[in-house]
There are 2 protein chains.
Amino acid sequence: MLRNVSRLRKALIQWTIPRHDLCPSPADRVFQSVSIPPVQKAVVRLCHSEKRKDYSLPNSSWSQEMMEHFNKLTEMTKDGTWQRLSSYRNTLEHTPEGLIKQYNLKKDEGTRLFLRNIDEEGKGFEYAMFLNKQEKKLAGVFQFGPYLEGPPGFAHGGSIATVLDTTLGILAMSIAFRVMTANLSINYKSPIPLGSAVMGTSKVDRIEGRKVFVSGVLQSADRKILHAEATGLFIQLPKAPGDDGPSPL
Amino acid sequence: MLRNVSRLRKALIQWTIPRHDLCPSPADRVFQSVSIPPVQKAVVRLCHSEKRKDYSLPNSSWSQEMMEHFNKLTEMTKDGTWQRLSSYRNTLEHTPEGLIKQYNLKKDEGTRLFLRNIDEEGKGFEYAMFLNKQEKKLAGVFQFGPYLEGPPGFAHGGSIATVLDTTLGILAMSIAFRVMTANLSINYKSPIPLGSAVMGTSKVDRIEGRKVFVSGVLQSADRKILHAEATGLFIQLPKAPGDDGPSPL
């Protein structure tokens, strides 16, 4: 385990919880219910120079069902208890500029975040996630596109695992900052038809030292069908030398 | 559970173990060690009319390491105990023509198998799987491309889960023909660097009625690093009315 932690530590210094989108794009302004947090200089500088696209904002491929749930979740951000998590197509785009400079990280334009690797809107994963850091909860809406097929007409078990790993893992990261997945256990309950919008929620069950135990579910948008449930164990990694990010638990 | 089985049953009649590639392409002839099984009329007819591409055969993106392990696995097919499993980019392309006609299935060109949804060779998953039906074992070689990123430079936990779900699930299907995943539990041991070739193996641990218990591992090509291990529970589905496929366990 120690050898593996050492191997991951350098890579994971920048694999932290995605930040708010601090660069309101024209798309932001269309959706009046989206609250824009105060601008922070460092992130804005990165944002403007890189022209990142925030994929957590609606596009024309989103179904009416998807939009309704996005709007409901966005409503929850108005009092500040929940925040929408921006989503970019490259892992490094989620990294604060300070860390990029501190560790002299090189951008590799040839890589893509697994969940954002399809260029055509609506063909792969479409999603937006919202975090309630105080209550240690995450909620998101996910649309499974036609390129995620397993059984004909239904989402692949691996694509469901991917969404659950993300739903649980991002929450664990919001608590412990630098984590690696140790275990992910999924009970598949009911298949997910391609094209449908699914609600994903996760919560922190307990924290024991560096271990963060998280669980979550994927349900139909009307909450009547339980598609899958999962538990995850995430291990917090030690801080790297010189890392001025948040302290360990 | 019964409601869910009913919902899946129609979809899963054609979600069966992929057949051998029965249409030797020019690529086949390059690799002399690939054994071509006797031609079967129905599949050849489908094959010729659809011009399916078999993605389990090497392309220029495969690393030397990947090729070496593919050739070793292909060697194991010479005495007939192992067989290479063809892989197409659409689930329905794996379906015998008889079933397509029997159930009047419509091809939907707009869908893609989750593991074959990236057009550019080498960017997503590259893999070939081999089955030993008598010993109830599966072995495969998997190359994780740069579009499968999680932590910078490493494969996403969801992409690892996807490969394990496939490695275990295809083996369960080879035993029980029509299955749905009930549980998948993964222990992540060591991250997988993007671009590396990884060996995946799975075996059937036991069968209890309609339950098939399978386990498997992902290891580095030299077998020195255990990347992940998984157990899976797959439930055999009842035969649909008129289904003349293999009988239940």
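The values are calculated or read from the model by the stated rules, or taken from the named source; none is laboratory data. Just so we're clear, the structure is a prediction, and the values are computed from it rather than from any experiment. Cβ sites come from the backbone with ideal geometry, for glycine too, and all protein chains shown count toward neighbours. Ligands, DNA and RNA are stripped out before the accessible areas are found, and what is left, the full protein with its side chains, is counted by its heavy atoms. Shrake-Rupley method; radii C 1.70, N 1.55, O 1.52, S 1.80 Å.
Quick notes on this one:
- Residues in segment A:114-149 that, when all protein chains are in place, have 50 Å² or more less accessible area than the chain alone would give (probe 1.4 Å): A:Phe114, A:Asn117, A:Tyr147, A:Glu149
- Ordered by solvent-accessible area of protein heavy atoms (1.4 Å probe), largest first, the residues B:Asp79, B:Asp54 come out as B:Asp79, B:Asp54.
- Excluding ligands, DNA and RNA and using a 1.4 Å probe, chains B and A jointly bury around 4000 Å² of accessible surface, summed across both partners.
- Inter-probe distance in nm under a simple model that places probes 7 Å from Cα toward Cβ, at B:Met76 and A:Lys133: 4.9 nm
- ³J(HN,Hα), Karplus 6.51/-1.76/1.60, whole Hz, each residue of segment A:63-73, x for Gly, Pro: 6, 4, 4, 4, 5, 4, 6, 4, 5, 4, 5
- In Hz, Karplus ³J(HN,Hα) per residue of segment B:198-215 (6.51, -1.76, 1.60; θ = phi - 60°; x = Gly, Pro): 10, 8, x, 9, 8, 9, 7, 7, 6, 10, 10, x, 8, 8, 10, 9, 10, 9
- In the assembly of identical copies, B:Arg223 has its label point, taken 7 Å from Cα in the direction of the beta carbon, separated from the corresponding points by 5.2 nm (ascending, one decimal).
- The other copies place their B:Lys133 label points at 5.7 nm from this one, listed shortest first, where each point is 7 Å from Cα along Cα→Cβ.
- Cα centroid separation - segment A:149-170 against segment A:190-240, whole Å: 11 Å
- Take each residue of peptide B:162-168, count the partner chain Cβ atoms within 10 Å of its Cβ, and average: the result is 4.
- Nonlocal amide H pairs with B:Leu113, under 5 Å, H built at 1.01 Å: B:Asn90, B:Thr91
- Averaged over B:221-233, number of beta-carbon atoms from partner chains that fall within 10 Å: 1
- When peptides A:86-94, A:57-65 are ranked by their average number of other Cβ atoms within 10 Å per residue, the highest-first order is A:86-94, A:57-65.
- Partner chain coverage, peptide A:204-215 - average Cβ within 10 angstrom: 0
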